[in-house]
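Accompanying notes for the structure given below.
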Amino acid sequence: MPTAFPHDSVGLVTPQVLHFAEPLALASGRSLADYQLVYETYGQLNAARSNAVLICHALSGHHHAAGYHSADERKPGWWDSYIGPGKPIDTNKFFVVSLNNLGGCNGSTGPSSINPATGKPFGADFPVLTVEDWVHSQARLADALGIEQWAAVIGGSLGGMQAMQWTISYPERVRHCVAIASAPKLSAQNIAFNEVARQAILTDPQFHGGHFQEQGEIPKRGLMLARMVGHITYLSDDAMGEKFGRGLKSDKLNYDFHSVEFQVESYLRYQGEEFSTRFDANTYLLMTKALDYYDPAAAHHGDLAKTLAGVKADFCVISFTTDWRFSPARSREIVDALTAARKNVCYLEIDAPQGHDAFLMPIARYQQGFSSYMQRIKV
């Protein structure tokens, strides 16, 4: 437990809430009459309002990206290695905004929120959202904060898709885009993994058609299985082999189907159990669907270069060699399209054994390259 925060920490941070009363039209044809977004900020907005950076989170992420909520919080925010004084996203230079997406379960309006029309949780009645919907809601947040243009929009995985979509939807409002461990659309294999995870939740008897809160239950088993499937894809074979190998929990086999015998089994069950206590099942369904639906090039018959022809931002695209969920080949698709569209782009492929989760970790080469790019941004 930290009694004093590290010198490169943003220290204590307090989440903030903004309420939006203007209806938000959604890609599905539905709309949200009103909603709230929870966010945190780190650093100071300069007089010109030119140093703001937006952090977009991945599937299970949230607004708490850096610092601590209390002096005895055990872990800092999920991207604390990259946000703070002297870090790649340097809060001595930048004013950083990190939010919980609409549809999330960490304070922003989502399926677990109360539906004003019924007085009950939205549950399955909450509308399906897209990456484009998120970007439009984030633009309203920027308006409310008085930020006309972001110095950079940054995200990893699903967050990288949001960062890229910002440059498409609001080209004049983004100067730099940093897309990390991301892709221009999901592969069939990725969609398949998401469907397996969704089916684990949808077929849980305690899901109750998405209205489990009204029943005072949670589809814990479904959430556990969904997280276990997902977690396997976030790690590389090398990372799992090095961390667990075929190590056993005890010195003998039990010859049954119920015992936790291998260390990797224990790890996955722990991750699933922990996740099921803090994440909303409907939000998980919503986030995976947003991933599946994202395909900005579809409007141009699959021509990503044509899709990106109107962007104004400079790009930094980063990938990791052992990431098989969002492989370097998918990042290179973005780079190739930007190059074909004659846009400024730099590409960094990091040799790292950690798999997809590498984008969250303090890897020296990654930190150096990321920091080098951010230092080039003029505010």
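Remarks
- The combined condition, being closer than 24 Å to Leu59 by Cα, touching a helix residue (DSSP H, G or I) at 6+ places or on another chain (Cβ under 7 Å), in a strand (DSSP E or B) and not charged (D, E, K, R), is not fulfilled by Tyr284.
- Look at (1) within 22 Å of the chain's Cα centre (by Cα); (2) modelled with pLDDT under 90; (3) of a type in the set (Ser, Thr, Tyr) and you find that Tyr255 fails only one, number (1).
- Hits in segment 60-79 - residues which are open to solvent by 20 Å² or more (accessible area, probe 1.4 Å) and under 21 Å from Gln162 (Cα atoms): Ser60, His62, Trp78
- Residues of segment 89-110 classified as open to solvent by less than 10 Å² (accessible area, probe 1.4 Å) and not β-branched (Val, Ile, Thr), total: 10
- Meets criteria (more than 19 Å from Thr233 (Cα to Cα), part of a helix (DSSP H, G or I) and touching a residue at least 12 places away in the same chain (Cβ under 8 Å)) for Ala297: yes
- Condition check for Leu102 on (1) in contact with a Gly (Cβ under 9 Å, 6 or more places away or on another chain); (2) in a strand (DSSP E or B); (3) under 30 Å from Glu214 (Cα atoms): one failure, at (2).
- Residue that is farthest from Met240 (Cα to Cα) [pool: residues in segment 258-291 that are within 28 Å of the chain's Cα centre (by Cα) and acidic (Asp, Glu)]: Asp280
- Within segment 328-337, the set of residues being surrounded by fewer than 19 Cβ atoms within 10 Å (Cβ to Cβ) and in contact (Cβ under 8 Å) with a residue 60 or more places away in the chain comprises Glu333 only.
- Check on Asp314, in contact (Cβ under 8 Å) with a residue 24 or more places away in the chain, in contact with a strand residue (DSSP E or B) (Cβ under 7 Å, 6 or more places away or on another chain) and not aliphatic (A, V, I, L, M): yes
- Those residues of segment 338-349 which are among the hydroxyl-bearing types (Ser, Thr, Tyr) and buried (at least 17 other Cβ atoms within 10 Å of the Cβ), in sequence order: Tyr347
- Per-region count, segment 1-49, residues part of a loop (DSSP other than H, G, I, E, B) and either out of contact with any His (no Cβ under 8 Å at 6 or more places or on another chain) or open to solvent by less than 70 Å² (accessible area, probe 1.4 Å) (or both): 30
- Residue check for Thr167: outside any strand (DSSP E or B), open to solvent by less than 10 Å² (accessible area, probe 1.4 Å) and among the β-branched types (Val, Ile, Thr): yes
- Hits in segment 258-281 - residues which are closer than 30 Å to Trp134 by Cα and either at pLDDT below 80 or in a helix (DSSP H, G or I) (or both): Gln271, Gly272, Glu273, Glu274, Phe275, Ser276, Ala281
- Pairs meeting the criteria (first residue in segment 359-371 and more than 13 Å from Cys316 (Cβ to Cβ) and in a helix (DSSP H, G or I), second residue modelled with pLDDT under 95 and among the polar types (S, T, N, Q), beta carbons under 7 Å, at least 6 apart or on different chains) are lacking.
- Those residues of segment 285-318 which are under 19 Å from Ser187 (Cβ atoms) and open to solvent by 40 Å² or more (accessible area, probe 1.4 Å), in sequence order: Lys289, Tyr293, Asp295, Ala298, His301, Gly302, Asp303
- Taking residues in segment 174-196 that are open to solvent by 10 Å² or more (accessible area, probe 1.4 Å), and partners anywhere that are at pLDDT below 95 and among the β-branched types (Val, Ile, Thr), the pairs with Cβ atoms closer than 8 Å and at least 6 places apart or on different chains are Phe193/Val229; Phe193/Thr233; Val196/Val229.
- Residues in segment 114-141 that are more than 30 Å from Ala152 (Cβ to Cβ) and among the small types (Gly, Ala, Ser) were compared, and the one that is most open to solvent (accessible area, probe 1.4 Å) is Ala117.
The values are calculated or read from the model by the stated rules, or taken from the named source; none is laboratory data. Being a predicted model, the structure only gives us computed values, none of them experimental. Every residue, glycine among them, receives a Cβ derived from its backbone with ideal geometry; neighbour counts consider all protein chains shown. For the accessible areas, the whole protein counts, side chains as well, though only heavy atoms, and no ligand, DNA or RNA atoms are used. Shrake-Rupley method; radii C 1.70, N 1.55, O 1.52, S 1.80 Å.
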